[in-house]
Amino acid sequence: FVCAADVTEACGPDNAIATFSAEEDRINVTLGEVPDVLVAAVLATEDRDFYEHGGVDPVGITRALYNDVRGRGVRQGGSTITQQYVKNVYLTSERSVVRKVKEAVLAVKLERELEKDEILERYLNTIYFGRGAYGVGAATRAYFGKDVRDIGLPEASYLAGLIRSPGGADALADPEEAARRRGTVLTAMAQEGYIDASEQAAVEGTPIQTNVIEPSDRTGLGP
């Protein structure tokens, strides 16, 4: 970000007169700047046992397989947040046993070198949310025109629902799928005790397109 000479506070997206970037839209934020509700939405949906496992979660893998077999609505992938971070940063998206083994080995190694909060912060700044936005800092602006610190449960549950496949759940392109994913996130958060039934019902009763802005010409809809 480039600011005018008379800017006395930190230069950022709200006061910049120009922005230089590569091909990625990314605004790095600290974990302390991310609202607890967004952290809760991501943990409940992607890795409920993040603070208990050592990088690979056999219990989570078993639970994911069980839910898939039973066809339950609330599903989690077998990969931990640490594994997802490793895959996005160090590996390719190739689907193979060899890649999964590498992913697991690197995840365990990373857990031994970094604190949990540092891994989570890096993950939140790396995830792709669609509309060209990488990380929660860019995503909240791309979808809601807001700073990440200003979002609440409706926005948090929407964003967490995008993580697995953002291109298919933009509320302005496929509101039905976006609402389904938001409901999945809210159910997971309720199961983990992050929200109560009244909070879940209030968000589910709100149209999924509420507060979602049109994409800029640069990003567009889709993956």
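The values are calculated or read from the model by the stated rules, or taken from the named source; none is laboratory data. Owing to the predicted nature of the structure, the values given are computational and were not obtained by experimental measurement. Heads up, the Cβs are rebuilt from the backbone with ideal geometry, glycines too, and the neighbour counts pull from every protein chain shown. For accessibility, only protein heavy atoms count, side chains too; no ligands or nucleic acids. Shrake-Rupley method; radii C 1.70, N 1.55, O 1.52, S 1.80 Å.
Per the conditions (1) exposed (fewer than 15 other Cβ atoms within 10 Å of the Cβ); (2) touching a Lys or Arg at 6+ places or on another chain (Cβ under 8 Å); (3) aliphatic (A, V, I, L, M), the sole criterion not satisfied by Ala202 is (2). Among the residues of the stretch 187-199, are any polar (S, T, N, Q), open to solvent by 60 Å² or more (accessible area, probe 1.4 Å) and over 21 Å from Ser93 (Cα atoms)? Yes, there is a match, as at least one residue in the stretch 187-199 is polar (S, T, N, Q), open to solvent by 60 Å² or more (accessible area, probe 1.4 Å) and over 21 Å from Ser93 (Cα atoms).
Going by what's in this entry, would Ile127 be described as open to solvent by less than 10 Å² (accessible area, probe 1.4 Å), out of contact with any helix residue (DSSP H, G or I) (no Cβ under 6 Å at 6 or more places or on another chain) and closer than 24 Å to Asp49 by Cα? Before the answer, list the steps.
Details: open to solvent by less than 10 Å² (accessible area, probe 1.4 Å): yes; out of contact with any helix residue (DSSP H, G or I) (no Cβ under 6 Å at 6 or more places or on another chain): yes; closer than 24 Å to Asp49 by Cα: yes.
In short, yes.
Within the stretch 125-155, the residues that satisfy the criterion of being of a type outside the set (A, V, I, L, M) and farther than 21 Å from Val89 by Cβ are Thr140, Arg141, Tyr143, Phe144, Gly145, Lys146, Asp147, Arg149, Asp150, Gly152, Pro154, Glu155.
Only one of the numbered conditions (1) among the charged types (D, E, K, R); (2) over 18 Å from Thr45 (Cα atoms); (3) assigned to a helix (DSSP H, G or I) is not met by Glu214, and that is (3).
Criterion first (among the aliphatic types (A, V, I, L, M), over 21 Å from Gly32 (Cα atoms) and not in a helix (DSSP H, G or I)) does Ala188 satisfy it? Taking the combined requirement at face value, the residue does not satisfy it. Within the stretch 47-92, being at pLDDT below 90, within 17 Å of Ala104 (Cα to Cα), surrounded by 13 or more Cβ atoms within 10 Å (Cβ to Cβ) and β-branched (Val, Ile, Thr) holds for Val56, Ile61.
Filtered by the rule that a residue be assigned to a helix (DSSP H, G or I) and polar (S, T, N, Q), the stretch 122-141 gives a lone residue, Thr140. For Glu199, indicate whether it is under 12 Å from Leu153 (Cα atoms), at pLDDT 95 or above, not small (Gly, Ala, Ser) and not in a loop (DSSP other than H, G, I, E, B). When the stated conditions are applied, Glu199 passes them.
Within the stretch 142-154, the set of residues being in a helix (DSSP H, G or I) and in contact with a helix residue (DSSP H, G or I) (Cβ under 8 Å, 6 or more places away or on another chain) comprises Tyr143, Phe144, Val148, Arg149, Asp150, Leu153, Pro154.
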